[in-house]
């Protein structure tokens, strides 16, 4: 373990604030944060958290760097992101191992997460030679109208523990080619992965003679988070977390007319219709409900089954759950690691009690696994009599609620009844059912899949959801537009001054 | 951190869930979810209870202290 941490530049005690190569900031008033291994509960290393002073220093640096960075041509900005991608390729193995060590996801998922970082860097490099604006036909003779996209300003990126590095990269790779420095506030559960990534970014900045483009401020939400969302210098806050916190972030940023990208809670369902390929459905449900120990925003939390397949599907899923090997996420063959902390275990147990009070029957799992460690639990299946209040809530744990329906219309009603709208899926071999699910009378989510589970999105598409999921979009497609300022321009190359709408002002 | 391990309305949720994770289950039983998406609410328990429009926040905190005491005795 020591060797791994050393390889990634992590010491026993680390400053948690950084504004560039050789610019780690420390304040004697900064409180200590101990990062622990969720598998064993043992401490990994310590971090000195940001204070108001060090936060101020880092944002000042990001602001002054913005004025230079915005004048660097976008394709040249892309070169820094190209090198970031290359540095991540070089360190893919140790970084993914640290993700698993500190967060608890299994090694293949850790590798997948770092691969996502590499992929979004590649995407952003291509984007750096695009960032297209439209040309629009003017109603006036010898006039030209077009849109151009300008850098926006320093961006605040607040990430959650469950994707400790990928979500940063979705935002940062795109923001940086758009001309915006980034100040990152990672989850307090996973500060070491953030320090490792900052070390990688520092090397890239040093190679390019840069500072203040990739910045880090590790600290509590009530300190760094609150300061950041109320900071007028931060043009955009990209926040990943709960609906409750998203509302708070949104209100604070709106008060100062800043922008937000909100990626909030999900309560994702898979509908399995009467004509579904059950072999596919079982495999998809297993990965989507149990992967990352149910701690993905896109985890399948509800399974809505046509009553004609419910019995067989339930039996097959229970059998599949019995095969899940639980244990040290760094060991080969393990499919499920621990929950991130003790509070998450308590949250899961509290939700299960509520589900039982509301008529739910635990048909698989439901227990802690103290022999493995205090943060280990069984993946759990709960058969619900109806979509009760607890099923409307997102519990960040491997609980799958089973619901039955008579037909697709009822399935869609159940599906869309919850306040969240992130990811969704249907398993069907009927073209008509698939198209209905994807239509405007179908799923109300930002992500809608056919014969694929709810989790495991690719970076090329825009990621995000509707309703209480917040409406933001990150990563691919045209999500970059949120990181830039649109300017509509009209140029008159005539010797007249015609007014729009034919107005005469003479 | 919290003196005699006593929770007050001013206690940060981030601190609370780290020091007394059992609080999460207690609060859930009272319809207050203090961690969501695996991340704690930013701010104090007083802020959270106000947001949840709990009638008697001080009373709830007293009950929470009692619960923690029993769990740890």
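The values are calculated or read from the model by the stated rules, or taken from the named source; none is laboratory data. Nothing here was measured: the structure is a model prediction, and the numbers come from that model. All Cβ positions, even for glycine, are placed from backbone atoms using ideal geometry, and neighbour counts span all protein chains on display.
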The range A:347-399: number of residues that are in contact (Cβ under 8 Å) with a residue 40 or more places away in the chain, assigned to a loop (DSSP other than H, G, I, E, B) and either facing chain B (nearest Cβ under 9 Å) or on the phi < 0 side of the Ramachandran plot (or both): 15
Among the candidates A:425, A:343, A:397, A:355, residue that is surrounded by 17 or more Cβ atoms within 10 Å (Cβ to Cβ) and modelled with pLDDT under 95: A:343
So residue A:272, is it within 21 Å of the chain's Cα centre (by Cα) and more than 11 Å from every other protein chain (Cβ to nearest Cβ): no
Unmet criterion (only one of (1) in a helix (DSSP H, G or I); (2) under 30 Å from residue A:103 (Cα atoms)) for residue A:160: (1)
Total residues in the range A:172-193, condition assigned to a loop (DSSP other than H, G, I, E, B) and within 13 Å of another protein chain (Cβ to nearest Cβ): 5
Complete set of residues in the range A:459-490 that are touching a residue at least 60 places away in the same chain (Cβ under 8 Å) and in a loop (DSSP other than H, G, I, E, B): A:459, A:460, A:464, A:465, A:468, A:469, A:470, A:471, A:472, A:473, A:476
Checklist (1) modelled with pLDDT under 90; (2) more than 8 Å from chain A (Cβ to nearest Cβ); (3) part of a loop (DSSP other than H, G, I, E, B) applied to residue B:10, failing item: (1)
Search result, residues across the range A:226-236 that are out of contact with any helix residue (DSSP H, G or I) (no Cβ under 8 Å at 6 or more places or on another chain) and crowded, with 18+ Cβ neighbours inside 10 Å: A:235
Failed condition for residue B:33, given (1) under 10 Å from the mean Cα position of the chain (by Cα); (2) part of a helix (DSSP H, G or I): (2)
Residue satisfying condition, being over 18 Å from residue A:449 (Cβ atoms), surrounded by fewer than 21 Cβ atoms within 10 Å (Cβ to Cβ) and in contact with a helix residue (DSSP H, G or I) (Cβ under 9 Å, 6 or more places away or on another chain), within set A:307, A:274: A:274
Strands (runs of 3 or more DSSP E) enclosed by the range A:1-92 - at least 3 residues per element that are out of contact with any helix residue (DSSP H, G or I) (no Cβ under 7 Å at 6 or more places or on another chain): A:32-36, A:43-48
Which numbered condition residue A:198 misses (of (1) in contact with a helix residue (DSSP H, G or I) (Cβ under 9 Å, 6 or more places away or on another chain); (2) more than 14 Å from chain B (Cβ to nearest Cβ); (3) buried (at least 20 other Cβ atoms within 10 Å of the Cβ)): (1)
Matching residues, the range A:400-415, being out of contact with any helix residue (DSSP H, G or I) (no Cβ under 6 Å at 6 or more places or on another chain) and under 21 Å from residue B:37 (Cβ atoms): A:415
Looking only at the range A:230-245, and only at residues there that are facing chain B (nearest Cβ under 9 Å) and touching a strand residue (DSSP E or B) at 6+ places or on another chain (Cβ under 6 Å), the one that is farthest from residue A:187 (Cα to Cα): A:244
Test set (1) out of contact with any helix residue (DSSP H, G or I) (no Cβ under 9 Å at 6 or more places or on another chain); (2) within 14 Å of chain A (Cβ to nearest Cβ) - residue B:35 fails condition number: (1)
Residue within the range B:39-53 that is loosely packed, with under 13 Cβ neighbours inside 10 Å, in contact with a helix residue (DSSP H, G or I) (Cβ under 7 Å, 6 or more places away or on another chain) and more than 7 Å from chain A (Cβ to nearest Cβ) present: no
Residue that is farthest from the other protein chains (Cβ to nearest Cβ), among those in the range A:134-149 that are surrounded by fewer than 16 Cβ atoms within 10 Å (Cβ to Cβ) and in contact with a strand residue (DSSP E or B) (Cβ under 6 Å, 6 or more places away or on another chain): A:144
Only listed residue being closer than 13 Å to residue A:77 by Cα and surrounded by fewer than 24 Cβ atoms within 10 Å (Cβ to Cβ), chosen from A:131, A:111, A:152: A:131
Scan of the range A:253-267 for residues that are within 14 Å of chain B (Cβ to nearest Cβ) and in a strand (DSSP E or B), ordered by number: A:262, A:263
Any hit, the range A:202-214, residues being surrounded by 22 or more Cβ atoms within 10 Å (Cβ to Cβ) and either in a strand (DSSP E or B) or within 14 Å of another protein chain (Cβ to nearest Cβ) (or both): yes
Filter pass, residue B:60 being in contact with a strand residue (DSSP E or B) (Cβ under 8 Å, 6 or more places away or on another chain), more than 8 Å from chain A (Cβ to nearest Cβ), without any contact (Cβ under 8 Å) to a residue 40 or more places away in the chain and surrounded by 17 or more Cβ atoms within 10 Å (Cβ to Cβ): no
Filter result for the condition that a residue is within 8 Å of chain A (Cβ to nearest Cβ), out of contact with any helix residue (DSSP H, G or I) (no Cβ under 7 Å at 6 or more places or on another chain) and not in a loop (DSSP other than H, G, I, E, B), over B:69, B:25, B:18: B:18
Residues that are outside any loop (DSSP other than H, G, I, E, B) and either surrounded by fewer than 18 Cβ atoms within 10 Å (Cβ to Cβ) or out of contact with any strand residue (DSSP E or B) (no Cβ under 9 Å at 6 or more places or on another chain) (or both), drawn from the range A:437-447: A:438
Verdict on residue A:309 being touching a residue at least 24 places away in the same chain (Cβ under 8 Å), in a helix (DSSP H, G or I), in contact with a strand residue (DSSP E or B) (Cβ under 7 Å, 6 or more places away or on another chain) and within 12 Å of chain B (Cβ to nearest Cβ): no
